[in-house]
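Below: the structure, in structure tokens.
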Amino acid sequence: MQAINQVWTDERLEAAICGAQADREAALRHLFGGRKQMDRVKKYVVNHGGTEADGQDVFQDAVVLFERNIRQGKYNRQSALETYFFAIVKWHWLTLRRRIKPEVEFNPSTYDEQEQPVDVKIISDDHREVLNSALTLVGDKCKKILLLTGLSLSNEEIAREMGISSPEMAKKDVFRCRERFRELIRQRPGLEAILQSMLRK
Amino acid sequence: MNPNLLDKIEAYLDNALSTEEKAAFEQAVAEDQALAEEVAIFQLEREGRELLIEAELREKLLQWNAAEEDDRDLTNREIPENSAQKKKPANWRLILLLSVFSSLAVLLAWWYWPLEPSVNQQSLPEPSVTTPRNSPPPILQQEEKAPVVQGEPSIKKTTPKVTTPETNSEQQLAIAYYERSEGADVLRGDGTATPASTPLQAAKDDYRSKNFARAAATLKKIPEGDPYYWQAQDLLGHTLFSEKNYAEAAKAFRHISDRNNNERGEKARWYLALSLIAGGQSDEATALLKNISNDAEPEMQEWAKALLEALGRR
């Protein structure tokens, strides 16, 4: 775990976000625990046609996208982490505005787009609906296990986090939970349309 | 499903296939509707896991935000602002305030710390066990249960029982550490539910209702080879400790420790040390604690170090 007085460099922040749960949380809290980034995002959104509430939503979405992109290795280190976060904010707000007001032609220069486009793809509402209904049936223990596997924790780390007696037992639990979750997804009404849409792409 | 195919789908979604493998896999997907659907289900499973991560993160953001608001409120109430202070970040003022309070608390704790019990003392020691003077390991601080052990009845104030102070004190220390490190852990097992009809479950029920003798009798009958054998041995050790049968508890924990080279064995080693101290075998316990403080997982190392230090002061 990072020491409390750790000097956070971008490199360390990136490593911590991809690391153990406690480190990940410490790094994210360091970045987003205060009001600085949120106030900055709100100001940006308000200055670009949104409300304070939009700014609040954009901030939360951007943190989620930022964390996911870092964890999935989509951050190319060509800009500072803070700059990268703000690029996500800008592109996400632009995407949202296009969706809310498709009739308005947005001029990218309005948005001061210096950065390359970043991945701001969020999980679609129809997918969310099906997945959330499957997740409510999967059980608390499996939910936690799925979350930890999503964070790429090893079986050993999962065993430790969950109080499971051994990594081997954890491996079995992971396998069972993932299978159960996929089976629940298969049983969801509405899945057919989603599959068709996914297979068309 | 064929495990190789599962691995292949995972590798494809991880973008870990070579260009040729990827092209071949995509060709197979294009020609096989069932395979294409399976890949889509795996993709959805991943999205589901991302949703869980997202939900947890959003919750954390709200918590951090609320904590930040609380900090601001506290700071605004506690410290009158003047124009110079307004320019300082709120957190610094809070840290300063907390530092002052912490320092005072440490000084007071030091000043009022109970002295070691002595047969020559006119007044009896407090009936509770003191914690180590140095900071206990972090996990200890998180426990809700206070490290209080039932002390001598008040009537003994006039006729103090003369015991070897070291032994009595060390036993109480071991019990205090035990109570703090055990908690709900005893009944947790390996995180899986115990079927209601098993002897282990019956023993757990007896343990909960403090019928230790019956719990121990049941647990001793569970044979090696039973799927719940090691859980039963864990509980047997704790049952015997709770019964104050420290020698037998040490035997049970030693058996677990010797035969389990894993987390269970590691924990058993710690409880073996506590049982040995409580049973008056401090020399062996000290050697064991030194081992734990060198080669156990970091958290347990801290525990062992703190206990060694506390023993050293006695």
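Nothing in this text is a laboratory measurement; each read-out follows from the coordinates by a stated rule. Model, not experiment: these values are computed from the prediction. Quick reminder, even Gly has a Cβ in these numbers, built from the backbone with ideal geometry, and neighbours come from all protein chains shown.
Of note:
- Taking other residues whose beta carbon is less than 9 angstrom from the beta carbon of residue B:256, and scoring Lys, Arg as +1 and Asp, Glu as -1, yields +3.
- For peptides B:262-268, A:49-55, sequence by mean Cβ density within 10 Å, most packed first: B:262-268, A:49-55
- Counting only alpha carbon atoms, the long axis of helix A:52-71 and the longest principal axis of chain A meet at about 50°.
- Peptide A:55-66 is shielded by partner chain Cβ atoms: per residue, an average of 2 of them sit within 10 Å of its Cβ.
- Taken residue by residue and averaged, Cβ atoms of other chains lying within 10 Å of the Cβ of A:118-125 number 1.
- Region B:23-40 and region A:129-201: distance between their alpha carbon centers, rounded to Å: 22 Å
- Average beta carbon contacts from partner chains per residue of A:136-145, 10 Å cutoff: 1
- Ordering B:53, A:185 from the fewest to the most neighbouring beta carbons within 10 Å gives B:53, A:185.
- Principal-axis analysis of the Cα atoms of chain A puts helix A:125-135 at an angle of about 20° to the longest axis.
- Among the listed pairs A:171/B:290; B:204/B:251; A:171/B:8, those whose Cα-Cα separation exceeds 27 Å are A:171/B:290.
- Net charge contributed by nearby residues that have their C-beta within less than 12 Å of residue A:123 (K/R +1, D/E -1): -2
- Taking Lys and Arg as +1 and Asp and Glu as -1, the other residues whose beta-carbon sits under 10 Å from that of residue A:32 total +3.
- Cα-Cα P(r), region A:1-105, percent of pairs per 5 Å interval: 2, 12, 22, 21, 17, 12, 7, 3, 1, 1, 0
- Pairs over the 26 Å Cα-Cα cut-off, from the set A:43/A:121; A:141/B:22; A:90/A:144; A:172/B:244: A:141/B:22; A:90/A:144; A:172/B:244.
- Going from the fewest other Cβ atoms within 10 Å to the most, the residues A:7, A:120, A:41 appear in the order A:7, A:120, A:41.
- Taking B:46, A:71, A:200, A:176 and counting other C-beta atoms within 10 Å, the order from fewest to most: A:200, A:176, B:46, A:71
- Each peptide in A:125-131, B:232-238 receives the mean, over its residues, of other Cβ atoms within 10 Å, and ordering these scores from highest gives B:232-238, A:125-131.
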